[in-house]
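Participant: The structure that follows is given in the form of structure tokens.
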Amino acid sequence: MKRKITRFILYIFIALTVISNVFLFANFKFNNTFTLKNNMLILGITVLLFIYYIRLNKNPQYAHAIVNTEKKDKDQNSNEFFTKPKTTFKDVAGLEGVKDELIEVIDFINNPEKYKKMGARIPKGILFYGPPGTGKTLLASAVAGETKSTFFSVSGSEFVEKYVGVGAKRVRDLFEKARKEAPSVIFIDEVDAIGAKRHLDSNNEKDQTLNQLLVELDGFNANQTVVVIAATNRLDLLDEALLRPGRFDRHMYISNPNVKDREKILKVHTKNKPLDPGINITDLARKTHGMSGAHLSNIANEAAIIAVRENKRMITVSHFEQAIERIVAGLEIKNPTILYKEKEVVSYHEAGHALIGKILNTDMVQKVSIVPRGHALGYVIHMPQDDRYILTKEELCNKIMVMLGGRAAEELVFKHLSTGAKDDLKKVTEIAMQMVCDYGMSNLGFIHNEPNMIHSLSDSINQEINKIIDECYKITYDYLSEYRDELEKISIALLEKEALNKTELDELLDDFLSAPGLRNKEKELEASLT
């Protein structure tokens, strides 16, 4: 509308300008200054209107909005796009085997000539896979730091767009800049976001992005030192074309750290913290079985926060134990509104777990508590004394019995079944399912069942799972019946103190576990399970 009005007024002034000039020249009144001034004024207004009209044309009011589907280009020399990390392998605790494998890649980047003389080429791609929080990103940064290479760090989700061609263009731009900055390291985190298996019903844009990534991995110039490192938690989701040699030549499993690695990681995360001289890092490493490097970093930080909250100058063992509880069991619920009857049920439930754990001597019982944390009204912290990678059928059954100890104690004392055993039953079913379907520890034979076999044998599998659980439950119930006095002791102590640590639990039970009768029962148990 504004342009139409401006155009109409502009036409009027153009006409006035023409008429006034014709009138002026026709009458030869050049000496008439008043008429000349009027002509100049009309001409000036006409020029201004014309300029204004041109600007309106350049920015039309009703033009369709243009959607910007591409990120703003970043300066190639800008530190926002790439970095030169100072992280080295000295900053990476543990993972010695993985670091040994990466040293070859680092040596190739630093001394390429000796490899080229032998006709060797640098591995085009390295794929890190494993649980989250195990240090995959840190390792990639350390590779760039060791070689003083340019480090391009991106996430797989950054390439995913709903506009066709945008993701592929971003992949091309990334690899083009990496080649210009060679030697360089490209790190693609969560690569499964763009590298998932392709299907007939998959998204075209994601397929194009993956195709472009495959082309770029294949199309490296042999003279350019560019290493691609990708990380994922789900190796099973990746497309086969992405995993083949020539694209990702090396697949490295980054597992949760063992006890020695956990000790090294804890030393790294506590080196700048004021620790009490009584703290033993080795003991802390044993208490954090199965935890990742991210968990250990969080525990060290939580311990420091708790020490500050208590106005302490040093971090003590108690602070670390509270931090471990917070990570394992969740946040403590302040001023819980729990009926005494429910509290009593919880105390027997947790006492059943702890007592069966002591009788079977499966894992070290670190703490028993009926203080609500997270969704749990009580909990028992079990920590294995050693890292175990192979478990026997008897040991798996022992784990099942420890988990069933809570329900068995409730039935023994209160003659009822409650909802408090929900999580226990879930874990018990998972272990029994693995025994039947994965480990060949049932009457179905020494087979590993695939999903289609599980579907066809579902009735037989359910029967075997129930058989294992029922046998374990019967043995657990019998143990608690025989040692009911000890069960009562633990429950009463929990109602009094709300929590018992390992030392207090051992003092409470004395040395009844060393009785000859118990040792004979363990032998009978092993024989019956076999």
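The values are calculated or read from the model by the stated rules, or taken from the named source; none is laboratory data. Keep in mind that what you see is a predicted model, and the values were worked out from it rather than measured. Please note: Cβ atoms are built from the backbone with ideal geometry, for glycine as well, and neighbour counts cover all protein chains shown.
Participant: Is one or more of the residues making up region 314-334 at pLDDT below 85 and of a type in the set (V, I, T)?
Facilitator: Within region 314-334 (the criterion being at pLDDT below 85 and of a type in the set (V, I, T)), the answer is yes, since at least one residue qualifies.
Participant: Restricting to region 255-280, and then to whatever is under 30 Å from R234 (Cβ atoms) and among the polar types (S, T, N, Q), can you tell me which residue is surrounded by the most Cβ atoms within 10 Å (Cβ to Cβ)?
Facilitator: N256
Conditions tested, residue by residue: (1) among the charged types (D, E, K, R); (2) touching a Leu at 6+ places or on another chain (Cβ under 7 Å); (3) under 23 Å from K489 (Cα atoms); (4) surrounded by 14 or more Cβ atoms within 10 Å (Cβ to Cβ).
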| site | (1), (2), (3), (4) |
| --- | --- |
| H375 | no, no, no, no |
| L404 | no, no, yes, yes |
| A408 | no, yes, yes, yes |
| V413 | no, no, yes, yes |
| L417 | no, no, yes, no |
| C437 | no, no, no, yes |
| N443 | no, no, no, no |
| N452 | no, no, no, no |
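Participant: Just to check your reading of the model, which residue among A285, A241 is more than 22 Å from the chain's Cα centre (by Cα), surrounded by 14 or more Cβ atoms within 10 Å (Cβ to Cβ) and in a helix (DSSP H, G or I)?
Facilitator: A241
Participant: Follow-up question, since we're still on this one. Which of (1) over 22 Å from E486 (Cα atoms); (2) in contact with a helix residue (DSSP H, G or I) (Cβ under 6 Å, 6 or more places away or on another chain); (3) not aliphatic (A, V, I, L, M) does N398 not meet, given it meets every other one?
Facilitator: It fails just one condition, (1).
Participant: Now for a different question. Name the one entry in V143, V154 that is crowded, with 17+ Cβ neighbours inside 10 Å and over 20 Å from the mean Cα position of the chain (by Cα).
Facilitator: V143
Participant: Scan region 294-302 and give yes if some residue there is touching a helix residue (DSSP H, G or I) at 6+ places or on another chain (Cβ under 7 Å), under 23 Å from E504 (Cβ atoms) and not assigned by TED's automatic domain parsing to the domain that holds I475, otherwise no.
Facilitator: Yes - at least one qualifying residue is present in region 294-302.
Participant: Now a separate question. Looking at this structure, is M252 without any contact (Cβ under 8 Å) to a residue 60 or more places away in the chain, of a type outside the set (S, T, N, Q) and either in contact with a strand residue (DSSP E or B) (Cβ under 6 Å, 6 or more places away or on another chain) or surrounded by 14 or more Cβ atoms within 10 Å (Cβ to Cβ) (or both)?
Facilitator: Considered against the rule, which asks whether it is without any contact (Cβ under 8 Å) to a residue 60 or more places away in the chain, of a type outside the set (S, T, N, Q) and either in contact with a strand residue (DSSP E or B) (Cβ under 6 Å, 6 or more places away or on another chain) or surrounded by 14 or more Cβ atoms within 10 Å (Cβ to Cβ) (or both), M252 comes out as no.
Participant: Tell me which helices (runs of 4 or more DSSP H) are completely within region 371-488 and hold 3 or more residues being at pLDDT below 90, or say none if there are none.
Facilitator: Filter on region 371-488 gives 451-456, 458-482.
Participant: Here is a further query. Out of D387, D424, report the one residue that is buried (at least 18 other Cβ atoms within 10 Å of the Cβ) and on the phi < 0 side of the Ramachandran plot.
Facilitator: Residue meeting the stated conditions: D424.
Participant: I've got another one for you. Quick check on region 167-177. Is at least one of its residues in contact (Cβ under 8 Å) with a residue 24 or more places away in the chain and farther than 17 Å from E216 by Cβ?
Facilitator: Looking for residues that are in contact (Cβ under 8 Å) with a residue 24 or more places away in the chain and farther than 17 Å from E216 by Cβ, one finds none in region 167-177, hence no.
Participant: Right, another one. Given the criteria over 30 Å from V259 (Cβ atoms) and not in a helix (DSSP H, G or I), does V171 qualify?
Facilitator: no
Participant: Scan region 81-120 residue by residue and report those that are of a type in the set (F, W, Y) and either part of a loop (DSSP other than H, G, I, E, B) or under 23 Å from the mean Cα position of the chain (by Cα) (or both).
Facilitator: F81, F82, F89
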